[in-house]
Amino acid sequence: MSISARAATLTQAAVARSRGSEVLQGVDVALIPALAVSRDGRRLGQGGGYYDRVLPVLRQRASTVPVIAVLHDHEWLPQVPSEPHDALVDAVLTTAGVQDVEGLTPPA
């Protein structure tokens with residue numbers, strides 16, 4: 001793990017310990033990273049499970065908060081591998097702008 005990745009992980013852990021899940025109440029929009037997203041909103045991350053754990057808590061505390069995955073155009077795919085515990089996203093942000101994942105076809 002790189003130094004910057006370790007620092008980010010330690011920072012996230014410190015925030016979680018010091019502020020708890022109530023910090024999520026102040027979130028207006030969640031922009032999250034992804035390696036890929038399927039057309040039905042399944043997000044492929046890096047395998048750590050952080051967002052799969054925190055997004056359900058966010059949705060429980062603030063159900064109207066949109067969850068938007070930030071991607072390159074070629075990372076919006078028809079399908080990605082997924083597990084039952086994987087959290088879904090509402091939209092993707094690419095160079096084409098923000099696009100809802102429901103009912104849209106990823107760019108070719």
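Filter region 25-65 down to the residues that are touching a strand residue (DSSP E or B) at 6+ places or on another chain (Cβ under 7 Å) and over 16 Å from GLU75 (Cβ atoms), then identify the one that is surrounded by the fewest Cβ atoms within 10 Å (Cβ to Cβ).
Only one residue fits best here, namely VAL29.
How about region 28-108: which strands (runs of 3 or more DSSP E) wholly inside it have at least 1 residues that are among the polar types (S, T, N, Q), modelled with pLDDT under 90 and within 15 Å of the chain's Cα centre (by Cα)?
Ranges flagged: 97-100.
The values are calculated or read from the model by the stated rules, or taken from the named source; none is laboratory data. Note that the structure is a prediction, hence the values are computed from the model and not measured. Quick reminder, even Gly has a Cβ in these numbers, built from the backbone with ideal geometry, and neighbours come from all protein chains shown.
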